[in-house]
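Please treat every number below as a calculation from the coordinates, not as lab data. Because the structure is predicted, anything quoted here is derived from the model rather than measured. Heads up, the Cβs are rebuilt from the backbone with ideal geometry, glycines too, and the neighbour counts pull from every protein chain shown.
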Amino acid sequence: MILHVKVKPKSPQSGIEFLNENQVVVKVKAAPEKSQANEELRRILADFFGCPREAVQIKMGAGSRWKIVEIKGLKSSKEFPGGGKK
């Protein structure tokens, strides 16, 4: 599954908000330094989708707030209960 992700670093609370099936906003507490925000993003998405963190790969935008993320083993976001805010 491919997701278009906007990351909001230094957020007071971590969370995921789905804009549509393939676009999400992920709030992370970590600062965008030394890949801390990227690692927290991978952990949050892995926890949400119930997959190992290694299955979450940032394909494009590692140094940007806008990223393209691939989650290996999932075909679409319809495979999980959810959507909306978490």
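Mind checking which aspartates and glutamates have their C-alpha under 16 Å from Lys8, skipping anything on the same chain fewer than 8 residues away? Candidates past the 8-residue exclusion: Glu17, Glu33, Glu39, Glu40.
Computed over the chain, the per-residue total of -39500 (n - 2.57) for DSSP H runs of n ≥ 4 gives a 222 nm mean residue ellipticity of -5000 deg cm²/dmol, rounded to 500.
Enumerate by residue number the trypsin sites (Lys or Arg not before Pro) in segment 1-71 meeting two conditions: DSSP loop (anything except H, G, I, E, B), and at most 16 other Cβ atoms within 10 Å of the site's Cβ. All intermediate terms of the calculation are to be shown ahead of the outcome.
Values: sites: Lys6, Lys10, Lys27, Lys29, Lys34, Arg42, Arg43, Arg53, Lys59, Arg65, Lys67; in loops: Lys10, Lys29, Lys34, Arg65.
Sites meeting the loop and neighbour criteria: Lys10, Lys29, Lys34, Arg65.
In degrees, nearest 10, range 0 to 90: what is the angle between the Cα axis of helix 36-49 and the longest Cα principal axis of the chain? It is inclined by approximately 20 degrees. The alpha carbons of the chain give a radius of gyration and a Dmax of 11.6, 33 Å, in that order.
Could you compute the net charge surrounding Ser11? Neighbours are other residues with a C-beta less than 13 Å from the C-beta of Ser11; K and R count +1, D and E count -1.
Numbers: positive: Lys6, Lys8, Lys10, Lys27, Lys29, Arg65; negative: Glu17, Glu40.
Value of the local net charge: +4.
The GluC sites (Glu not before Pro) of segment 1-55 that meet both conditions, a loop assignment by DSSP and at most 13 other Cβ atoms within 10 Å of the site Cβ, are Glu21, Glu33. With the dipole of segment 2-67 worked out from charges on the C-beta (+1 for Lys and Arg, -1 for Asp and Glu) around the Cα centre, which of Ser35, Ile16, Gln57 lies farthest toward the positive end? Result: Ser35, furthest along the dipole toward the positive end.
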